[in-house]
Amino acid sequence: MPLSQASEREQIHNRTISITAYQRQDGLVDVEGHILDIKPFSHHLVDTHRAAGEPVHDLWLRLTISRNMEVQSAEAKLDVGAHGICHLVAPNFKNLAGLKIGPGWNRMVRERVGHGKGCTHLVEMLSQMATTAMQAVWSEREPMDKGVEPTRPRRLPAGMLNTCFTYNDDGEFVREYFPDDYKAAE
């Protein structure tokens with residue numbers, strides 16, 4: 001178990017988030033996210049009732065992106081929303097087309113589908129979908145010829161520098177693996 005032993009407890013909610021990237025035949029990449037919320041007891045909201053084990057949310061979102069991280073299209077589907085009208089926001093997610101995943105992504109997403117124009121849960125998941133897209137697009141497959149050593153770039157991909165402890169421009173990792181990005185602490 002990765003965490004310490006928990007106190008005695010009872011499950012009251014489960015949220016499962018799944019995000020998967022797919023390479024398309026046309027060279028684009030689909031990043032699909034799914035949120036499933038389930039409670040182990042029945043409960044009422046203002047306009048809905050859920051039996052124990054019945055989804056509170058069953059939400060889907062697909063971003064189709066180019067290799068340069070630009071959103072070509074976006075599609076949302078709210079199979080189950082907390083309220084009867086939640087599904088009406090699905091068309092608004094098309095407004096993500098044209099955005100580029102990178103610095104300022106979360107701000108641009110909120111401008112287009114935040115602040116009452118979208119679904120809070122899908123908007124929050126878009127941050128994780130962006131990092132999944134980066135993992136998918138920036139990953140290089142092992143060469144088919146095992147005798148060929150892949151070349152390592154001297155610079156981090158655009159938008160990675162200073163995003164976390166490992167990629168700090170004055171850190172040991174960047175100094176060793178990406179020397180052209182390294183800036184010695186002064």
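Quick rundown of the values:
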quantity	calculated
Accessible solvent surface per residue of the chain, calculated while the other protein chains remain in place, 1.4 angstrom probe, Å²	66 Å²
Pair Q72, Q25: separation of 7 Å Cα→Cβ label points (nm)	1.3 nm
All Cα pairs of segment 1-52, percent lying beyond 14 Å	72 percent
Additional length obtainable on full extension of the chain from N14 to F41, 0.36 nm per residue less Cα span	8.6 nm
Helical mean residue ellipticity (222 nm; -39500 (n - 2.57) per DSSP H run of 4+; nearest 500) of the chain	-5500 deg cm²/dmol
Equivalent ellipsoid semi-axes - Cα gyration tensor, segment 4-94, angstrom	32, 19, 8
Overall Cα dimensions of the chain, principal axis frame, Å, largest first	57, 45, 42
Full-extension gain in nm, A97 to T166, via 0.36 nm per residue minus C-alpha separation	21.7 nm
Apportionment of accessible area to carbon and sulfur, the chain, percent (1.4 Å)	52 percent
Degrees separating the helix 120-138 axis from the principal Cα axis of the chain, which is the longest one	30 degrees
Pair R155, T131: separation of 7 Å Cα→Cβ label points (nm)	2.5 nm
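The values are calculated or read from the model by the stated rules, or taken from the named source; none is laboratory data. The model shown is predicted, which means the values in this text are computed figures rather than measured ones. Neighbour counts run over all protein chains shown; Cβ positions are idealised from the backbone, glycine included. Quick note on the areas: whole protein, heavy atoms, side chains included, nothing else; ligands and nucleic acids left out. Shrake-Rupley method; radii C 1.70, N 1.55, O 1.52, S 1.80 Å.
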